[in-house]
Structure formats: C-alpha cells, structure tokens
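**Q** Mind looking over this structure? Questions follow.
Just so it is clear, none of the values below were taken in a lab; they were calculated from the coordinates. These numbers come from a predicted model, not from an experiment. Cβ sites come from the backbone with ideal geometry, for glycine too, and all protein chains shown count toward neighbours.
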Amino acid sequence: MHVISGKPGWIEVICGPMFSGKSEELIRRIRRAEIARQRVQIFKNALDARYDATSIVSHSQQSLPSVAVDQIGQVYDLIEEGTEVVAIDEGQFFTSEIVSVCNQLASRRLRVIVAGLDLDYCGEPFGSMPELMATAEYVSKQLAICMVCGDPANFTQRLTDNRDRIVVGAIGTYEARCRRHFTPPQNGATPPSDRSASATPTVDEIS
Ligand code: ADP
C-alpha cells in the first residue's frame, strides 16, 4: 500500500486535443481546492490572449483570473507564502523549463496542476508535454467529440493553411477530429528541429 505521510507535493497533467475540456477540468479542480480553503495561484502563458489577457477561459466561457507570464521561470518569484496549489494552463506553450519548475514546486510540497495540448496540429507530441506527463504522478487524458462523425476525438484539425506551429485560435481555426478524420498537413509540417516550444513562437498558437 502506498502510504503518504505529511503534506506531499505532486504533479497532475490534464492533456488532450482542443475542445476536450482541459480548461474546464482545470477550473473544476481549482474551484474544489478553493472551496476547501486551499490557497491557489493560477498562471497562463502570456501568448494566449484569445479571450482574455489574464484570465484562463474555457471554450464554454468559464473563467478564472490568472497571472500571465512570458517565461515559466517567473513563477518562482510569484509564488506567495502559503500557496498550496499551483495551476498552469496551456502548458505546451512554455519552454522545457516547465518540467524542472513543476518538479521543483512539487518537491516543495505543492500540488501542481498543468493543462495542455499533448499533440500539435500535425498530430506530433507538443513541446515538453510528453516529458511533463512522464514525471507527473497523475495524467488525465481528455477526448473531445469528432466534428465529422461524433467518435471520441484525440486530434486537433487545423482548418487553415497556416503552417506555423503556433497559431492561437479556437472555433473556426481548429476542429476536434477522431483518428479516421484527422488529416495532418501534407509536406507542410514545421521541421522537427524547429518544433521545440523553446523557440519563440511566431504568432498564434494552437489552443
Ligand atoms: P480545451 O481546454 O481542451 O480546449 P475547453 O475546456 O476550453 O477545452 O472547452 C471544452 C468545451 O468546448 C466543451 O464543454 C464544449 O462546450 C466545447 N466544444 C466545442 N467543440 C467541441 C467538440 N468537438 N467536442 C467537445 N466539446 C466541444
């Protein structure tokens, strides 16, 4: 039996394609923690200003105020005394530093919850999400509903010709698709060497 004594820290990852309810699930977990009077701090990448410059917002318009950061390392300076839960949305937008930051916070006995895309618009693992998932204690994979057939959707279909890896957009730019109906771009994917989320994203980013 796994016995945890004292107050442990850990990492939870909520992953899946766009529209799978990652942000909704993140907001649900944050609200429950807040009801239990736990001190929560919420961060998002400054890149994602689709609906709001600072709040995290789901496609179903649920939202919570957050702090937007350019670099995940800024979180160290922003964590306040007494914080018990750290929530990070759009984890795929951050550099690989997110892995060490989350692990260090968990080692400091914080509960760290990260939501993010596990695959990009080409169907390839996104940024440091795979590494983060490997070091996390808990991984929840969410699925959306395929907009073509209604089957469970694991992929995010980009509906435009833009080949930048990061193109921030929502309905109209992206659609949830199942394996059968997902069509990756032909010869248009960004070369793997350019794919690291450590490269400064150009414009819009998927999410
Ligand atoms: P994510 O963070 O994974 O992009 P959100 O939590 O922001 O997802 O939004 C989930 C919501 O998106 C759903 O509750 C639903 O209202 C909406 N939605 C739009 N398209 C779909 C779809 N194809 N499948 C499921 N939900 C969808």
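**Q** Determine, for Lys7, Lys141, Lys22, the number of other Cβ atoms within 10 Å of each Cβ, and report the residues in order from fewest to most. Write out the running numbers ahead of the final one.
**A** Values: Lys7 9, Lys141 14, Lys22 29.
Ranking Lys7, Lys141, Lys22 by Cβ neighbours within 10 Å, fewest first, gives Lys7, Lys141, Lys22.
**Q** Just check the range 10-142 against the gyration tensor rule for me: Cα atoms, a ≥ b ≥ c as the square roots of the eigenvalues, rounded for a/c under 1.5, and otherwise prolate or oblate depending on whether a/b exceeds b/c. Please report the intermediate quantities before stating the final value.
**A** Details: a/c = 1.36, a/b = 1.14, b/c = 1.19.
Rounded is the answer for the range 10-142, as its axis ratio a/c remains below 1.5.
**Q** Provide Asp120, Asp89 in ascending order of the number of other Cβ atoms located within 10 Å of each residue's Cβ, fewest first. Walk me through the numbers on the way to the answer.
**A** On the way: Asp120 24, Asp89 28.
Arranged by neighbour count, lowest to highest, Asp120, Asp89 become Asp120, Asp89.
**Q** If you restrict to DSSP beta bridges whose two residues both lie in the range 10-142, what percentage is antiparallel, to the nearest 5?
**A** On the way: 3 of 26 bridges.
Antiparallel bridges make up about 10 percent of those DSSP assigns within the range 10-142.
**Q** In debye to the nearest 20, how big a dipole does the range 1-155 give about its Cα centre with +1 on each Lys and Arg Cβ and -1 on each Asp and Glu Cβ? Before the final figure, lay out the partial values.
**A** Numbers: 14 positive and 20 negative charges, 134 e Å.
Its charge dipole is roughly 640 debye.
**Q** Assuming R0 = 25 Å, what is the FRET efficiency of Arg109 and Arg31, from their Cβ-Cβ distance, to the nearest 0.05?
**A** Numbers: r = 22 Å, r/R0 = 0.87.
Computed FRET efficiency for Arg109 and Arg31 comes out at 0.70.
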